[in-house]
Structure formats: structure tokens, C-alpha cells
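In what follows, a single structure is set out as C-alpha cells and then discussed.
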Amino acid sequence: MFRRIIAFIIMTAAAAAAALPVSAAGPDLELTAQTAILIEQTTGKLLYGKNESERMYPASMTKILTALVALDYLKPGEFIVVGAEKSEAPAGSSVASLEIGETILVENLLRALLIPSGNEAGCVIAYNVGLRVNGVPEMPYDEAEALFSDLMNKKAAALGATGTHFTNPHGFHDASHYSTAHDIAMISRTFLQVPLLSAIVKEKRFAGNSAGDNAPEGAKTVEHEWKTHNELIMDNKEAYYTYANGIKTGFTDEASDCLASSAERDGVTLISVVFLSPKPGIWNDSQTLFEYGFNNFAFVDVQKDSELLEQAAINNPRLGEPEQMDVLSKGGFTGFYSNDESARIKREIVYDPALLARSGEEAPVSASAFEPPIERGQALGKVNYYLDGQVIYSSEAIAAANAYKRTLSSDFRYYLDLIKEKFFQMDAIKFWVGGAAILAALIIILAVRRRRRKRNQGFSMYRWR
């Protein structure tokens with residue numbers, strides 16, 4: 001009857017790690033990229049890493065952070081007039097063909113930055129943020145760019161990108177402008193949490209008025225047509241990947257081809273970053289990473305709220321009440337793990353010794369039963385989940401029902417109720433009738449026997465006279 005309360009079972013689960021380790025992880029995927037990383041977007045869990053903390057030139061992947069900083073100071077629905085700052089884009093830059101004097105919505109300015117990768121759009125953003133921060137109508141562009149770069153670096157550090165230093169808003173080569181695969185992944189996690197930005201990088205093209213449908217009266221507007229450079233989302237390209245939905249390409253002679261990309265399948269969003277992977281390497285490497293992630297990792301419910309953990313015995317329960325109670329979980333946890341990690345997760349239930357029965361005053365606590373009274377919803381102990389010896393989740397184990405203490409009074413009520421139940425219900429009528437018939441038969445038999453005895457006694461007296 002005695003059994004162990006601590007139980008271990010193999011379960012599936014998922015990680016909730018918010019930071020990424022710096023060491024490489026995962027199998028050899030034979031990538032062409034010099035550095036690469038794959039993470040799950042919501043948890044930040046590292047699924048694969050190759051030299052992910054090595055310092056690299058990010059080229060136009062810089063614009064992922066530029067867009068985030070822009071929205072810290074500019075509203076998507078406000079208008080900006082493009083000024084001479086657009087000409088500050090370095091010679092040889094990729095451009096969105098913005099014109100001096102045109103009025104543009106901030107939302108479309110972000111499109112100009114992210115879809116055709118317009119470097120001059122980055123200059124316009126940096127300049128206008130500088131004006132906004134300093135509260136001035138104009139300022140030298142170099143000062144605005146330095147101020148904006150400082151904001152970028154502070155933002156990057158706040159997002160966990162501590163190996164990053166940016167000197168401009170567009171990513172044109174500068175020896176002091178660098179990042180890592182890890183850091184670009186961290187920045188991309190936050191980028192994808194902004195609905196406007198995540199929607200823009202899904203767009204294959206944009207065609208329309210720079211100021212939208214409600215341009216200010218007298219404003220100069222320009223019709224633009226921009227096309228993405230991200231072939232993973234272009235269904236007319238060989239590199240098209242069904243699940244891809246962003247994010248940003250990059251290229252300079254020094255950086256070579258690089259790409260921060262995202263893909264979603266079955267509710268799982270993955271982020272891949274590859275550096276120095278000449279085309280078609282950036283497309284092939286990214287798809288290889290995504291397929292590895294989708295095929296080997298998944299979200300799994302480690303514990304559901306009010307889940308049955310096990311049944312526990314009750315010591316000397318009230319008469320007529322269960323000898324066991326259901327033990328339920330309180331709270332749920334969903335995590336993200338590889339198939340192999342899921343198989344290594346173990347569960348342990350540890351009950352509060354003060355609630356367990358003792359076989360004597362000096363005897364040790366029994367692991368066989370709880371000592372009533374126990375109230376429904378009462379915490380009975382803890383349930384812990386471990387991966388390789390480390391706790392990944394812990395919650396209370398609670399009672400599913402009341403367990404009352406047995407007393408003389410409860411015994412009396414039990415037997416009284418039993419009598420009422422067995423002898424005063426409709427189903428018992430047939431037993432009453434049968435019993436009455438038997439009793440009547442016994443009475444008749446006894447009466448007949450008595451009459452015979454009397455008659456025999458009378459006959460005997462007559463004979464002896």
C-alpha cells in the first residue's frame with residue numbers, strides 16, 4: 001500500500017530563455033556563411049550558432065535598428081518634408097529616389113528605408129530625429145547623425161546587443177560600424193514585435209504617393225515604386241521560401257552579402273542571420289537554417305493549468321468518502337525545445353511533509369497518504385520540471401477536492417444516512433413486501449402449531465380420564 005510520492009515522468013517542453021549563449025550550438029549544417037545564427041523569435045532561444053559573436057560588418061541590416069529608433073521619436077502618420085539631408089547619403093548608396101522638397105509620411109519613409117533599402121531615407125530619419133530630440137528647426141547633418149548613432153547604440157545595448165557599434169543610420173561601410181549575428185538577431189526580435197515594421201518587410205513592392213491619400217494642401221508629392229531585395233519572399237524567384245516573411249538584406253564590398261530573415265510555420269517564428277555568404281549563399285543558408293529549426297524544435301505544453309498530476313491516498317478518510325484524491329497542477333507553462341531536449345525533461349512532485357500522515361508520534365512521515373482535513377484548492381506541495389538537472393518550471397500542486405477528518409460524529413451520520421438510504425427509498429418496497437410475507441407466513445405457521453399442540457393436549461387429557 002505504501003508508495004513513493006516523488007514521481008518522475010518524461011515530458012515534452014520548451015525553453016523560456018531570454019538571452020542567447022555565445023558558444024556554437026547545433027549540428028554542422030555546412031553553411032557557406034562565415035557567421036550565422038538561428039533563434040526562435042518569442043523566447044530568443046538559440047537553435048543554432050556558428051561564430052555568432054564574431055564582429056562583422058552589417059551593411060544595410062543596420063536599417064532594422066534605424067527603423068526602431070525612428071519610431072521612438074516619429075509617428076507613422078505624421079508628415080516630413082525631405083530636405084538637403086538626403087544628399088548626405090554616401091556615393092554609391094542604394095537609394096529610394098526621394099526628392100528634396102517632397103512631403104512623405106513617416107510610414108512611407110520607413111518603406112523607403114526597408115523595401116528598396118534607401119540610404120537617403122536613413123539620412124532623412126536621422127536628421128529629423130535629431131531635430132526632434134534637440135527641439136530645433138535645423139542643425140548640421142553631422143551633428144544629427146552623431147546624435148542618432150548614439151541613440152542607436154543605446155537602443156542596441158538595451159536590447160541585449162552588446163557587441164554592436166553603429167556610426168550611421170544606413171550601414172554604408174565604416175570600420176567602426178559593426179555588429180554580430182547574435183546582436184542582429186536580438187534587434188530583429190524586437191523589430192518583429194512592431195506590427196507596422198513586420199508588415200512592411202513582408203511587402204514585395206510598394207507603388208503609390210509618398211504622402212498617401214491625405215497630403216497637406218500645397219504639398220509636393222512624388223509617386224514611387226519600390227521593390228524588395230529579399231528573394232526569399234519573392235514567389236517569382238528561385239530562392240523563394242514559402243514560410244519567409246522578412247526581414248532585411250545587406251551588401252557592401254567589405255561585408256559581402258548578408259541577410260537577416262524570418263519565417264513562420266505552424267505558429268512558430270524563426271529568425272536567421274547570416275554574414276559574409278555570397279549569393280546564392282544567403283538564400284540557401286537561410287533556408288537550411290529554417291528547415292533545421294522547423295523540423296527539430298517545437299512549442300509544447302510542459303504543464304497545463306488544472307492538469308491531473310497523479311492520485312494521492314487519504315489516511316483514514318470519512319466513511320463513504322474516497323480513499324484517494326486527485327492532485328492537480330496550478331498554472332501552465334509552454335516552452336520551446338528540441339526533440340532531444342523534450343525527451344530529457346523530468347517531473348518531480350514534492351509534497352509538504354506537514355500534510356502527510358504519521359504512523360506514530362515519533363515515527364517518520366509516511367509517504368503513503370495525506371492526513372485530513374484537506375481543502376479543495378489547498379497547496380499540497382510543489383511540482384518541478386527539470387532539464388539536465390536544472391529547474392525550468394515550478395508550480396504548486398493542489399487538491400482537487402475536500403478530504404474531511406473522520407470522527408465519531410461523522411461515523412454516526414454515515415450510518416444514519418445509510419439506514420435512510422437503504423430502508424426508506426422506493427427501491428426497498430419489494431424487500432419490505434417480501435419481508436412482510438415471510439413474517440406473515442411465520443406467524444401462520446406458529447399459530448397452526450400452537451393450535452395443534454392445544455388440540456393434542458386436550459385429546460390426551462380426555463383419554464386419561
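Bear in mind these aren't lab numbers, they're just calculated from the coordinates by the rules spelled out. A quick note: this is a predicted structure, and the numbers were derived from the prediction, not measured. So basically every Cβ, Gly included, is an ideal-geometry build from the backbone, and we count neighbours across all protein chains shown.
Listed values, structure above:
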{"read-out": "All lysines inside 24 Å of Lys420 as judged from Cα atoms, apart from same-chain residues fewer than 8 positions distant", "value": "Lys405, Lys430"}
{"read-out": "Mean separation of Cα contacts under 8 Å, 6 or more apart, over the residue count of the chain: relative contact order %", "value": "17 percent"}
{"read-out": "Cut-off of 10 Å, at most 12 other beta carbons, DSSP loop: longest stretch of the chain lacking such chymotrypsin sites (Phe, Trp or Tyr not before Pro)", "value": "9-423"}
{"read-out": "Least to most buried among His182, His165 (fewest other Cβ within 10 Å first)", "value": "His165, His182"}
{"read-out": "Net charge of Cβ neighbours under 12 Å - reference Asn384; Lys, Arg +1; Asp, Glu -1", "value": "+1"}
{"read-out": "Angle in degrees between helix 63-73 and the longest Cα principal axis of the chain, rounded to the nearest 10", "value": "80 degrees"}
{"read-out": "Cα centroid of region 291-362 to Cα centroid of region 43-62, whole Å", "value": "38 Å"}
{"read-out": "Where labels lie 7 Å past Cα in the beta-carbon direction, separation of Glu78 and Arg55 in nm", "value": "3.6 nm"}
{"read-out": "Listed pairs Lys45/Lys346; Lys220/Lys248; Lys75/Lys279; Lys50/Lys248; Lys86/Lys227 exceeding 27 Å between Cα atoms", "value": "Lys220/Lys248; Lys75/Lys279"}
{"read-out": "Additional length obtainable on full extension of the chain from Glu321 to Glu264, 0.36 nm per residue less Cα span", "value": "15.4 nm"}
{"read-out": "Theoretical FRET efficiency, 1/(1+(r/R0)^6), r = Cβ-Cβ of Ala158 and Gln378, R0 51 Å, to 0.05", "value": "0.75"}
{"read-out": "10 Å Cβ shell holding at most 16 others, DSSP loop, GluC sites (Glu not before Pro): longest site-free stretch of the chain", "value": "376-465"}
{"read-out": "Extension gain, Glu310 back to Tyr404 (0.36 nm per residue minus Cα-Cα distance, nm)", "value": "31.9 nm"}
{"read-out": "Restricting region 162-247 to trypsin sites (Lys or Arg not before Pro) in coil, as DSSP defines it, with at most 16 other Cβ within 10 Å", "value": "Lys202, Lys204, Lys237"}
{"read-out": "Two-site label geometry, Phe412 and Leu71: point separation in nm, points 7 Å out along Cα→Cβ", "value": "7.2 nm"}
{"read-out": "Most positive-pole-ward Cα, Ala36, Phe299, Leu159, against dipole of the chain from beta carbon charges", "value": "Phe299"}
